[in-house]
Amino acid sequence: MFWNKNNIFENGRTMILAYDQGFEHGPADFNMSNADPEKIFKIALNGGYSAFAVQAGIAEKYYKGKYRKVPLIVKLNAKDRFDNHDPVSLQHTSVAYAKKIGAAGVGYTIYLGSSHEQRMFVEFGRICEEAKKLGLFTMCWMYPRGNKITNELSTETICYGSRIAMELGADIVKIKYNGDSAGMKWIVECAGKTKVVVAGGSKVNEFEFLKNIHEAINSGAVGLAVGRNVWQDSDPLKLSANLRKVIFLNKSPQELKDSVVEGGK
């Protein structure tokens, strides 16, 4: 198909499926349709995703056979859901091990504004060095959150985060889109040659979700890293097909109205 282990971009765009929420949020995000990682691997494979992001424990158990067609991103850090007031998320898996189990790239979350941010800056900077030596790309989940942050969705704060990710060495930075299309252009400009993808976030109705992605793409983002909005959906493959049309064909939700659910979830 369109997969390339050394390049997860298709005509400059990318669509990443994320499934690291089990560690970050706990089983509350799951039900009998999505708690089994193999079911999500099937969505990544059959939904036309450019890459699949998971923790190492999932990758070593499930990233086998036909699923290895989809480029793998291994998350190298995580935290539990119990303390979000001043979060810290430290490395638990090495870059070398991620490559051993088949990763094309590695991911790391930084909580900008936490009193622990400097520790995460140092770790991610070292990870970028190690990844480049081993031929892996790096992706930074940049989430402003902690004692120093008054508004994590302000354009200025998101922009600052994208700049830090670029200066630390990230190839891709994942941010939340705040609905400010003009601000998004500034965020992308400040990220330089680091590619900006937007986060999917909590489950919302399909039309609203696709509208936000379409706006972000047309303001300079190169794609999406999505989890719950897809694998919590009643028809994840249909939604994935619509996402591909928005991201890679620049279709608007209005153009897809016959196959998009405008209300509900």
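Where a number appears in this text, it was derived from the coordinates with a stated rule and is not lab data. Since the model is a prediction, treat every value here as computed from it, not as a measurement. Counting neighbours? That spans all protein chains shown, and the Cβs are built from the backbone with ideal geometry, glycine included.
Determine the equivalent ellipsoid of the stretch 31-144 by diagonalising the alpha-carbon gyration tensor, then write out the semi-axes as square roots of 5 times the eigenvalues, largest first, rounded to whole Å.
25, 18, 11
Could you work out the relative contact order of the stretch 14-259? I mean the mean sequence separation of Cα pairs under 8 Å and 6+ apart, divided by the number of residues, in percent.
With pairs under 8 Å counted, the relative contact order is 17 percent.
With 30 Å as the limit, write out which pairs from 100/203; 100/193; 42/185 have Cα-Cα distances beyond it, or answer none.
100/203; 42/185
Compute the Rg/Rh shape ratio of the stretch 131-265: radius of gyration over Kirkwood radius, all on alpha-carbon atoms.
Using only Cα positions, Rg/Rh for the stretch 131-265 is 0.99.
Quick one: the Cα spread of the stretch 1-68 along its three principal axes, in angstroms, biggest first?
On the principal axes, the stretch 1-68 reaches 36, 24, 20 Å in Cα extent.
How long is the gain from residue 189 to residue 218 if the chain were fully straight, where each residue apart is worth 0.36 nm and the alpha carbon distance is subtracted?
9.1 nm
Once R0 is set to 35 Å, what does the formula 1/(1 + (r/R0)^6) return for the Cβ-Cβ distance between residue 101 and residue 237, expressed as a FRET efficiency to the nearest 0.05?
Result of the calculation: an efficiency of 0.85.
Please find, in a Gaussian network model of the chain (springs between Cα atoms separated by less than 10 Å), the residue of 54, 122, 74 whose mean-square fluctuation is greatest.
Taking springs between Cα atoms under 10 Å, the residue moving most is 122.
Can you give the FRET efficiency to the nearest 0.05 for residue 115 and residue 208, using r as the Cβ-Cβ distance and R₀ = 41 Å?
For R0 = 41 Å, the calculated efficiency reads 0.75.
Take the Cα pairs of the chain, get the Kirkwood Rh, then feed it into Stokes-Einstein at 20 °C and 1.002 mPa s and tell me D in µm²/s.
Reported coefficient: 117 µm²/s.
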